[in-house]
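The values are calculated or read from the model by the stated rules, or taken from the named source; none is laboratory data. Remember, it's a predicted structure, so these values are computed and weren't measured experimentally. Here the Cβ positions follow ideal geometry from the backbone for every residue, glycine too, while neighbour counts run over all protein chains shown. When the accessible area is computed, the model is the full protein with side chains, heavy atoms only, and any ligands, DNA or RNA have been set aside. Shrake-Rupley method; radii C 1.70, N 1.55, O 1.52, S 1.80 Å.
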Amino acid sequence: SGLGKEVRKSDLKAGDLVFFRTGSTSRHVGIYLEENKFLHVSERKGVIISKLDNVYWKSNYWKSIRI
């Protein structure tokens, strides 16, 4: 760990990594695009684009890292 630096959600730029806590020990990561959207992989749907303000992602948001 220690790669990159944490950035505020309000300061996200395209390419930043967005992390989510999706369970007690599980984590999920996506790549921020722009306009509140991020690219990530769904086990069921493959590569998809979702919105950070979606109820699920908003409630599970953890942190963002810029590399």
The chain - charge dipole about Cα centre, Lys and Arg +1 at Cβ, Asp and Glu -1, debye rounded to 20:
140 debye
Once the whole set of protein chains is in place, how much accessible area is left on Lys37, using a 1.4 Å probe, in Å² to the nearest 10?
70 Å²
Quick one: how many Å² of Leu3 are accessible to a 1.4 Å probe, rounded to 10?
130 Å²
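If Val7, Val47 are ordered by their accessible area, calculated over protein heavy atoms with a 1.4 Å probe, which sequence runs from highest to lowest?
Val47, Val7
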